[in-house]
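Data first, discussion second: the structure below is written as structure tokens.
The values are calculated or read from the model by the stated rules, or taken from the named source; none is laboratory data. Source: prediction; values computed, not measured. Note that we place each Cβ from the backbone using ideal geometry, even for glycine, and neighbour counts take in every protein chain shown.
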Amino acid sequence: MRTLVLNAGYEPLAVISFRRALVLVLTGKASVIAEDYEDPVVGPGSILSRPSVILLHRYVRLPYTKAAQVSRRGVLRRDGHRCGYCGKAASTVDHIQPRSRGGADSWENLVACCLRCNNVKGNHTPSEMGWKLKTSPQPPRSGFWQLKELDKPLADWSPFLGVETAA
């Protein structure tokens, strides 16, 4: 069982084992926000529910110095699996400035795209097609991009994750 750790600002910090979460809660360093009652932890003197989300009592600032590496998965997650041109469900990534015209593999030049828009756009720029992007693509700035466990979050975690993290 995995446990989501939130800092005092309700930002996802890490995903840890339920044992480590219990230690943090029992030592007073964290409090339980959501728990799993179906599979309790039976100890010699008590029965405890398994924590699925805990909140640290001290604020832990996330370091943003390390830039997130560009990846297809990251671009799709950043854009919420929505096409940057039409807004429908996206399954591919498109270069705004095509690679054949010197476009780079960067957060600012990649956008999530549906198959239809990707095929229609082809080797053109959005301005040549008369299209406008729904949002301007930017690099992600939070630490949850480093957490691979958030690709398939547990159902208990969804109220604590922003819309952009749900994949």
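Each residue in region 102-130 was checked for being within 10 Å of residue 92 (Cα to Cα) and among the small types (Gly, Ala, Ser), and 1 pass. When the strands (runs of 3 or more DSSP E) confined to region 1-42 are screened for residues that are free of Cβ contacts under 8 Å to residues at least 40 places away in the same chain, those reaching at least 3 such residues are found at 30-42. When the residues of region 46-63 are filtered to those that are in a loop (DSSP other than H, G, I, E, B) and modelled with pLDDT under 85, the one that is nearest to the chain's Cα centre (by Cα) is 62.
Against the list (1) in contact with a Phe, Trp or Tyr (Cβ under 7 Å, 6 or more places away or on another chain); (2) surrounded by fewer than 17 Cβ atoms within 10 Å (Cβ to Cβ), the condition residue 40 fails is (1). The number of residues in region 1-37 being more than 22 Å from the chain's Cα centre (by Cα), surrounded by 15 or more Cβ atoms within 10 Å (Cβ to Cβ) and closer than 15 Å to residue 156 by Cβ comes to 1.
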